[in-house]
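The values are calculated or read from the model by the stated rules, or taken from the named source; none is laboratory data. Computed from a predicted model, the values in this text were never measured in an experiment. Cβ placement follows ideal geometry from the backbone for every residue including glycine, while neighbour counts extend to all protein chains displayed.
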Amino acid sequence: MTEEERAHYFDIIANGNLVGIEPSNLLLHGPTKRLIDTYHWHSPNKGIVASYSPKERDVEDHFGIFRGVDQVEAFAQATIVSCATFLQCRKENCLPDALRDKFVPAFISIGNVSFQNYLELGDTFISIGNITFWKWRQMVCDGHIYRVPKGLDLDDYFSDFTEERLLKYDISSDFVKVAELHDITGRAILIEHFNKLA
Amino acid sequence: MENANERKEILDGLLEVLRTVRTIDPARLEGVTEETDFLTDMNTPSTELINIAAKVEQKFDIEFEDEDIDRMGSKVKDVIDLIIMVKERGANK
């Protein structure tokens with residue numbers, strides 16, 4: 001990243017949101033376990049909409065079906081990882097790579113999850129997550145996963161999305177609900193504390 | 001200087017908070033002492049400690065910093081020590 005790009009990124013962290021940000025610039029892990037393609041809507045203190053299209057590697061040896069456990073992981077990456085990383089960067093006035101030396105982003109708990117449909121190779125899905133708790137580097141999110149109608153321009157569709165619509169999951173009935181997720185919880189743990197867990 | 005009455009009052013307030021925590025079996029609150037450990041004696045999920053801390057903030061009208069939570073131990077006395085420390089910090093501001 002050039003100095004000019006870093007300056008632009010600092011401005012986004014301070015004043016903007018994740019729409020238009022390449023997930024690889026925010027998430028410290030990847031690329032094969034990165035389960036986000038694009039951020040489509042983001043309100044830093046409220047929630048997020050992000051999409052992913054399962055790749056061949058994601059459905060290999062699994063009947064062409066994207067696993068439920070990976071849906072939970074994709075939702076977590078979109079919500080408690082992306083949203084919390086963004087807010088922590090804003091709090092510390094830094095970019096994500098500066099957090100790498102201090103914290104381990106840990107997925108620490110999930111509540112009820114129900115699967116109501118499935119996803120296969122060729123599908124695109126969105127994770128819609130709302131932040132229910134954020135304090136002391138711990139974030140909790142609830143939300144839904146939906147299969148996206150074929151051919152829909154998600155950036156355009158969510159360009160006028162609002163916090164009110166987020167809380168009501170107010171989207172077209174053409175989206176097919178695949179999963180409901182509750183109390184997805186993550187925490188940025190100090191590296192020295194994380195190492196004591198071993 | 002800390003005194004026994006203050007610690008007793010805080011323990012009583014803390015017990016009020018703990019009675020509102022869904023994941024804590026009320027039966028485990030019988031006979032709680034400062035040496036009781038949330039994780040091993042009360043089987044409290046570690047993620048719940050954050051929720052307890054948030055309720056403690058409200059109950060005692062104090063505000064924890066990230067570092068306070070990072071340093072907080074898992075025994076009742078650790079939480080009482082932290083509450084006293086944060087109250088004193090607030091009073092000195």
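Note on the range B:1-36: residues that are at pLDDT 95 or above and either under 23 Å from A:A106 (Cβ atoms) or among the aromatic types (F, W, Y) (or both) amount to 0. Residues that are loosely packed, with under 14 Cβ neighbours inside 10 Å and within 11 Å of another protein chain (Cβ to nearest Cβ) within the range A:159-192 comprise just one, A:E192. Please go through (1) more than 14 Å from every other protein chain (Cβ to nearest Cβ); (2) touching a residue at least 60 places away in the same chain (Cβ under 8 Å); (3) in a strand (DSSP E or B); (4) under 16 Å from A:A50 (Cα atoms) for A:P105 and return the number of the only condition it doesn't satisfy. Checking A:P105 against (1) more than 14 Å from every other protein chain (Cβ to nearest Cβ); (2) touching a residue at least 60 places away in the same chain (Cβ under 8 Å); (3) in a strand (DSSP E or B); (4) under 16 Å from A:A50 (Cα atoms), the one that fails is (4).
Would it be correct to say that A:G111 is surrounded by fewer than 18 Cβ atoms within 10 Å (Cβ to Cβ) and either within 14 Å of chain B (Cβ to nearest Cβ) or outside any loop (DSSP other than H, G, I, E, B) (or both)? Taking the combined requirement at face value, the residue satisfies it. Just one of the listed residues (A:T132, A:T124) is surrounded by fewer than 20 Cβ atoms within 10 Å (Cβ to Cβ), within 14 Å of chain B (Cβ to nearest Cβ) and of a type in the set (V, I, T), namely A:T132. Within the set A:I80, A:I48, A:I36, the sole residue that is among the β-branched types (V, I, T), assigned to a loop (DSSP other than H, G, I, E, B) and under 10 Å from the mean Cα position of the chain (by Cα) turns out to be A:I36. In the range B:40-60, is there at least one residue being among the aliphatic types (A, V, I, L, M), part of a helix (DSSP H, G or I) and away from chain A (no Cβ under 14 Å)? The answer is no, given that none of the residues of the range B:40-60 is among the aliphatic types (A, V, I, L, M), part of a helix (DSSP H, G or I) and away from chain A (no Cβ under 14 Å).
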